[in-house]
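Trainee: Structure below; questions to follow.
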Amino acid sequence: MKNLKDKINQETKEKEEMIETKDAELRKLRERIDEMSSEFAQMLKDVLGKMSERVDFANQSWEGDQGDILSHKVD
């Protein structure tokens with residue numbers, strides 16, 4: 001009977017250790033996911049900024065070209 005209780009206690013202890021180990025792994029993975037999410041958000045923000053700059057530049061170029069066209073028609 002004592003041997004059975006010892007075995008149950010040992011199994012319970014091993015199970016708890018395994019749960020703690022898996023919980024620690026999950027915490028690390030969640031942290032990594034959060035880091036990657038933040039990095040991806042920053043990348044998107046940077047890309048959006050660059051695209052906005054290019055759109056602004058293209059608009060300025062187009063407006064300049066339209067001014068040239070209009071000035072040629074007036075002459």
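Please treat every number below as a calculation from the coordinates, not as lab data. Everything numeric here is computed off the predicted structure, so don't read it as measured data. Cβ atoms come from the backbone with ideal geometry, glycine included; neighbour counts cover every protein chain shown.
Trainee: Lysines near Lys22 by alpha-carbon distance under 20 Å, same-chain residues fewer than 8 away left out - which ones?
Mentor: Result set, ordered by chain and number: Lys13.
Trainee: Right, another one. What number, in nm² with one decimal, is the all-direction average of the projected area of the convex hull of the alpha-carbon atoms of the chain?
Mentor: Spelled out: convex hull of the Cα atoms, projected over all directions, averaged, 5.8 nm².
Trainee: For Arg27, what charge total do you get from the other residues with a beta carbon under 12 Å from its beta carbon, if Lys and Arg give +1 and Asp and Glu give -1?
Mentor: So the environment of Arg27 carries a net charge of -1.
Trainee: To the nearest 10 degrees, how steeply does helix 2-74 sit against the main Cα axis of the chain, on a 0 to 90 scale?
Mentor: So the helix axis and the longest Cα principal axis differ by about 0 degrees.
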